[in-house]
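So the structure is just underneath, and the comments pick up after that.
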There are 2 protein chains.
Amino acid sequence: MSRSDLPTLAVVGATGAVGTVMLDILSTRENVWGEIRLVASPRSAGKRLTVRGEEVEVQALAPEVFDGVDVAMFDVPDDVSKVWAPIAAERGAVAVDNSGAFRMDPDVPLVVPEVNAAETANRPRGIISNPNCTTLSMIVAMGALHRAYGLTDLVVSSYQAASGAGQEGIDTLHDQVEKVATDRTLGSRAGDVRAAVGELGPFPAPLAMNVVPWAGSLKDDGYSSEELKVRNESRKILGLPGLRVSATCVRVPVVTTHALAVHATFDTEVDADAARTLLASAPGVVVLDDPGAGEFPTPADVVGTDPTWVGRIRRSIDDQKSLDLFLCGDNLRKGAALNTAQIAEVVAQEFTGA
Amino acid sequence: MSRSDLPTLAVVGATGAVGTVMLDILSTRENVWGEIRLVASPRSAGKRLTVRGEEVEVQALAPEVFDGVDVAMFDVPDDVSKVWAPIAAERGAVAVDNSGAFRMDPDVPLVVPEVNAAETANRPRGIISNPNCTTLSMIVAMGALHRAYGLTDLVVSSYQAASGAGQEGIDTLHDQVEKVATDRTLGSRAGDVRAAVGELGPFPAPLAMNVVPWAGSLKDDGYSSEELKVRNESRKILGLPGLRVSATCVRVPVVTTHALAVHATFDTEVDADAARTLLASAPGVVVLDDPGAGEFPTPADVVGTDPTWVGRIRRSIDDQKSLDLFLCGDNLRKGAALNTAQIAEVVAQEFTGA
């Protein structure tokens, strides 16, 4: 098939943290796209970026950039998506949106291809949403376990990377680590790290040599927006409106890759060995679970890779229906750009009849 | 009362990471001790350390150093305690041991004074154990909630500091942070942090710019010793042999102060405001819980202090009998030296009739 027979893709937000990873992903995955248009804010227009080995000039976001576009990916803030995804849809593109603007809209499917790919077809608004990065760090594995055992409860504690707060988060962490690196007295007296790190950037407390039990904005009853996303998005993706979910979201001084400790309870008894075998054969999941040999996933060891990594798989000692696991997923790849690309590829099949 | 009327204390392991904090604690708390003997391995004997503003010469560990001692604290490895705590007890001292050697011995009480101070009297072997630092980071708060609501289940995810692995842990973290501090490309490609950090020290994976889901040694069914301690010690301290506990222990790049995300389920319905009020009045607990004002405990902000800090108190949205909380406790103080000192002070009252 020549490129002219393939669907046209627009990448909106091509110059951002997720957009940059997206261009890398589009350059390395099997190509299903004809023209790829790169779109960003007017101040980035005219920049030349490389995708699929070719230089492409960035266009300023405007209604007419969507003319002739089949699929438009949005890696932009909520308020930009809110305005522009419907405009893209009006112009005939299927919008695949990585913001939080439409995720809980009942007329917008929330899709993880390994879990609910068929939902991409149910898109009355012409928009498909990509889940939050924290939910995405576990949901492929949870979907596989749910199909086998019937999930009833999730207790989730996150170890979230700085890049979840964008390039500013990454820069802030590097700045702070540099400032605390040479004073070996730091970390033993209350506030000495706070005095040393300088600017807090997008975080409400120092992140270097610290952990911060907060991500997102304040919602009802003391919950953070991030914690509610984990609950509400897990329910929607798994099609389990009654799933009981408790999440505590905590930022840790890691550049990229979210980790989660998950306590999952099922309808039926579970077995750690069987769960390990099941997860090892699940698409998009890699099991790394031999602590005696020092094998378990850590963010630094799996960052930059595509799968959801699972280790520390144990049946709860006091509850034969529960598993405890530790999961890692690159929040910029599967947690954002990769899943968006996968959704777009599912939609692309409609145009090519593949 | 003059010093000669007060009980004699021996501090075994006075030169270690916990021992150093112990001397600070003994120097700042209200004094209940007459003579304080400092004891360490032969290679530290002859050193002069300051306690209560006075220089004291360190004595080599030998049976006769316990002659005339009323209370002997042990801040030493398990194998040293195993041999020497019984020798101290034979010589007439009450041994208060901070190692893991005796914690689950049915003839040794495991004591947290705010929770079960009376247990100090039930010591047929003349030994009292101090709990593991991770258990201690939550148990004072859990004890207060249990008394009000009746605890049935705990799901615990830890964010454990490097100093839980002793001075070698602290030094390794500082070494690694220094090595990753200046290269701003690190943390985006699998293994680049591992290549940069140098020696792993006591940790099974890089700790700088990473989190490591492992602490302790491998036990049955994939559990770490640390995870089993959280379960078994919580049951013993709270006097709840049927308590269901699931723990996942994770090391984070923080120098000192363990943090825990806890999902606690009770016999009765709970209310976040009532729990907040109850915890705020519990001895040894401070509530810091106003996320709208950026208030929640973080390790860097509370390290070096005595209380258990509690924030992010929420009732689970899907279970009116469960609370989610985030707790911080200095693992060298309340998690080790302080609780040992508090136990010793309870015992000291037997000698002074206070």
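All of B:A300, B:A264 fail the test of being surrounded by 23 or more Cβ atoms within 10 Å (Cβ to Cβ), within 12 Å of chain A (Cβ to nearest Cβ), within 27 Å of B:T28 (Cβ to Cβ) and small (G, A, S), apart from B:A300.
Could you tell me whether any residue of segment B:239-260 is farther than 22 Å from A:A195 by Cα, part of a helix (DSSP H, G or I) and more than 11 Å from every other protein chain (Cβ to nearest Cβ)? Looking for residues that are farther than 22 Å from A:A195 by Cα, part of a helix (DSSP H, G or I) and more than 11 Å from every other protein chain (Cβ to nearest Cβ), one finds none in segment B:239-260, hence no. Criterion applied to A:D319, A:D273 was being open to solvent by 10 Å² or more (accessible area, probe 1.4 Å), acidic (D, E) and touching a residue at least 24 places away in the same chain (Cβ under 8 Å), and the one residue passing it is A:D319. Filtering segment A:25-63 to residues that are outside any strand (DSSP E or B) and without any contact (Cβ under 8 Å) to a residue 12 or more places away in the chain leaves A:T28, A:E30, A:R43, A:A62.
Taken over segment A:6-19, the residue count meeting the criterion of being open to solvent by 10 Å² or more (accessible area, probe 1.4 Å), in a helix (DSSP H, G or I) and under 25 Å from A:R91 (Cα atoms) is 1. Taking the conditions (1) touching a His at 6+ places or on another chain (Cβ under 8 Å); (2) over 21 Å from B:V252 (Cβ atoms); (3) buried (at least 24 other Cβ atoms within 10 Å of the Cβ) in turn, A:L238 satisfies each one other than (3). Restricting B:V155, B:V211, B:V177 to those that are touching a residue at least 60 places away in the same chain (Cβ under 8 Å), under 30 Å from B:S322 (Cβ atoms) and crowded, with 21+ Cβ neighbours inside 10 Å reduces the list to B:V155. In segment A:303-325, of all residues being within 7 Å of another protein chain (Cβ to nearest Cβ) and assigned to a loop (DSSP other than H, G, I, E, B), the one that is nearest to B:N210 (Cα to Cα) corresponds to A:V303. Has segment A:80-90 got any residue that is outside the structural domain of A:Q160 (by TED's automatic domain parsing) and part of a loop (DSSP other than H, G, I, E, B)? Looking through segment A:80-90, none of the residues is outside the structural domain of A:Q160 (by TED's automatic domain parsing) and part of a loop (DSSP other than H, G, I, E, B). Every listed requirement among (1) closer than 20 Å to B:F102 by Cα; (2) within 23 Å of the chain's Cα centre (by Cα); (3) surrounded by fewer than 21 Cβ atoms within 10 Å (Cβ to Cβ) is met by B:R29 save one, (1). Please find, within segment B:189-238, the residue that is nearest to B:P106 (Cα to Cα) out of those that are part of a helix (DSSP H, G or I), charged (D, E, K, R) and more than 10 Å from chain A (Cβ to nearest Cβ). The qualifying residue nearest to B:P106 (Cα to Cα) is B:K236. Condition check for A:S188 on (1) under 25 Å from B:V212 (Cα atoms); (2) open to solvent by less than 10 Å² (accessible area, probe 1.4 Å); (3) not charged (D, E, K, R): one failure, at (2). Annotation note: of B:D171, B:D221, B:D175, the sole residue that is of a type in the set (D, E, K, R), touching a strand residue (DSSP E or B) at 6+ places or on another chain (Cβ under 8 Å) and more than 17 Å from A:A162 (Cβ to Cβ) is B:D221.
Taking segment A:32-48 as the range and being open to solvent by 30 Å² or more (accessible area, probe 1.4 Å) and within 27 Å of A:E350 (Cβ to Cβ) as the test, the residues that pass are A:V32, A:E35, A:R37. Taken as a whole, the condition of being open to solvent by 10 Å² or more (accessible area, probe 1.4 Å), farther than 30 Å from B:L243 by Cα and either free of Cβ contacts under 8 Å to residues at least 40 places away in the same chain or not assigned by TED's automatic domain parsing to the domain that holds A:E119 (or both) applies to A:P283. Among residues of segment A:1-17 that are charged (D, E, K, R), those with a beta-carbon under 9 Å from a residue that is crowded, with 18+ Cβ neighbours inside 10 Å at least six positions away or on a different chain give the pairs A:R3/A:W33; A:R3/A:G34; A:D5/A:G34.
The values are calculated or read from the model by the stated rules, or taken from the named source; none is laboratory data. What you see is a predicted model; the values in this text were computed from it and never measured. Note that we place each Cβ from the backbone using ideal geometry, even for glycine, and neighbour counts take in every protein chain shown. We work out accessible area using only protein heavy atoms, side chains counted, and drop any ligands, DNA or RNA first. Shrake-Rupley method; radii C 1.70, N 1.55, O 1.52, S 1.80 Å.
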